[in-house]
Ligand code: GLU
C-alpha cells in the first residue's frame, strides 16, 4: 500500500483519535530514511532501512528481500511496525528494512554476501538499544545469523540483541519460528468466541512461514483447511486438505499446486471461496475494490502486512466481515522477537511453554482492549486498533515533550 494511502486513512480517523494536524504529521513521518546500493558479483541492489518511530523504545522491524521492495513500501511497513509494537504493548518502536532482490536467483554464497553488505551499509544506525532488525518476507534465521556475525565483527564485541529471529544456536528464542502464526491463532480464537462462529473452514492465501505454520496450527485447533495457495496458484478440497502432505509437496516440488488430491484454484478464486475464515498470508494489496464484495468469509485474519486496501475495508465493513488487522493479527512475530531480545539482554533462556504462555497473554490482552474500543461503535475493528495504537505512541511523544 502506498504511504500516501496510509496518510489519507490517518486523516480520516484523526478526529476519532482526537489528534490535530501537527500530531498527525509526527505519527506519520519517519524519523530517518537510510538508503544504500549493494553490489554482489557485478549486480547492484538498492537497500533500505526506515526508522519510523522510537518514542516507545528502539526501532524494531524486519528486513524484506523481494523484487517489489521500494522505499515507499518499506516506509509503509515501518509505520505499521510502530503501530504493531504499540498494539502488542512491547517497549519497542517501529522500523523496516529491505533489499530489492529476488533471493531465489542468488546462490547461498551470494545471499550471505548480500546480507553482510546490508549490515556494513547500516551498522552505525542499528544495535540492541537503537534499532533491532528481524526476518520478513524471504529472509531467514540463517540470514539473521550472518547479519549478527557481521555486526559483531564490525563493533568488536558480542551483541546478540542486535537482531531477532536468529537460529537457536546463536541466541534465538524457542517458538520464534512459528510465532507469527501462533499469535494469529490466539487472536482468531478470541474473535471466534465473540461472534460464535460454528463452522470452521479456512482458506489460506500464501504458504510461506506464516501461512504454512498457520495451516498446521489451525488443524491442531480443530479448523478444516479447505484451500491454500502460493505464488504459483492454489488448491481446494471441500473435505479438507491433508496439510502434512501439502507441506511435503511444497518442499519437494516448490509449490502447493502439484498436490494431487485437490482441485486447482487461482490466486483470485481462493479469496472468494465459501469459507468462514480467510487468511491472507503473503503480500500487500490482495483484497481490493475488485474482489471485496465477493468475499464470503466471516472473518479475515491478516497474517500478511497490508493485504487489504482502505477502499476494500469499507466494503467488508458494510458486509459485516470482521477484519482482524495485520498490526494485531501478525503481532505474534514481533512479540516473540521482543522475548528473544529480552532473553539476549538477560542471558537467561526460556522454555517453549513459557514463551507460548507469555505470547498468549499478550495477544489476548491486546484483542480484549481493542474489542472494548470497537464494541457498539460505527467504525470497524481496524479503526479501533489504530485509535488505541496511535494514542499510545502520542502519549509517549507527549511525556517526552516532543509534541
Ligand atoms: N517481519 C515481522 C513483522 O512484520 C516481524 C518483525 C520483528 O520480529 O521485528 O511483524
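Residues in region 57-79 that are within 14 Å of the ligand (Cβ to nearest atom), touching a residue at least 40 places away in the same chain (Cβ under 8 Å), in a loop (DSSP other than H, G, I, E, B) and farther than 13 Å from residue 118 by Cβ: 58, 61.
Please indicate, with yes or no, whether at least one residue in region 88-104 is over 22 Å from the mean Cα position of the chain (by Cα), in a strand (DSSP E or B) and surrounded by 15 or more Cβ atoms within 10 Å (Cβ to Cβ). No, that holds for no residue. Going through region 118-136 one residue at a time, which ones are outside any helix (DSSP H, G or I) and either more than 10 Å from the ligand (Cβ to nearest atom) or surrounded by fewer than 22 Cβ atoms within 10 Å (Cβ to Cβ) (or both)? Scanning region 118-136 gives 126, 127, 128, 129, 130, 131.
If you go through region 186-206 and keep only what is more than 16 Å from the ligand (Cβ to nearest atom) and crowded, with 24+ Cβ neighbours inside 10 Å, you end up with 188, 202, 203, 204, 205. Residue-level check: of (1) assigned to a loop (DSSP other than H, G, I, E, B); (2) in contact with a strand residue (DSSP E or B) (Cβ under 8 Å, 6 or more places away or on another chain), residue 313 misses just (1). Could you check, for region 137-148, whether at least one of its residues is in contact with a strand residue (DSSP E or B) (Cβ under 8 Å, 6 or more places away or on another chain), assigned to a loop (DSSP other than H, G, I, E, B), crowded, with 24+ Cβ neighbours inside 10 Å and in contact (Cβ under 8 Å) with a residue 40 or more places away in the chain? Within region 137-148, one or more residues are in contact with a strand residue (DSSP E or B) (Cβ under 8 Å, 6 or more places away or on another chain), assigned to a loop (DSSP other than H, G, I, E, B), crowded, with 24+ Cβ neighbours inside 10 Å and in contact (Cβ under 8 Å) with a residue 40 or more places away in the chain.
Scan 92, 106, 174, 168 and give me the residue that is within 14 Å of the ligand (Cβ to nearest atom) and at negative phi.
Going through 92, 106, 174, 168 in turn, the sole match is 92.
Any residue at all in region 334-347 that is assigned to a loop (DSSP other than H, G, I, E, B), more than 12 Å from the ligand (Cβ to nearest atom), modelled with pLDDT of 95 or more and surrounded by fewer than 21 Cβ atoms within 10 Å (Cβ to Cβ)? Yes, there is a match, as at least one residue in region 334-347 is assigned to a loop (DSSP other than H, G, I, E, B), more than 12 Å from the ligand (Cβ to nearest atom), modelled with pLDDT of 95 or more and surrounded by fewer than 21 Cβ atoms within 10 Å (Cβ to Cβ). Scanning region 315-333 for residues that are in contact with a helix residue (DSSP H, G or I) (Cβ under 8 Å, 6 or more places away or on another chain) and more than 29 Å from residue 57 (Cα to Cα), we see that the one that is farthest from the ligand (Cβ to nearest atom) is 319.
The values are calculated or read from the model by the stated rules, or taken from the named source; none is laboratory data. All values reported here derive from a predicted model rather than from experimental measurement. Backbone-built Cβ (ideal geometry, glycine too); neighbour counts: all protein chains shown.
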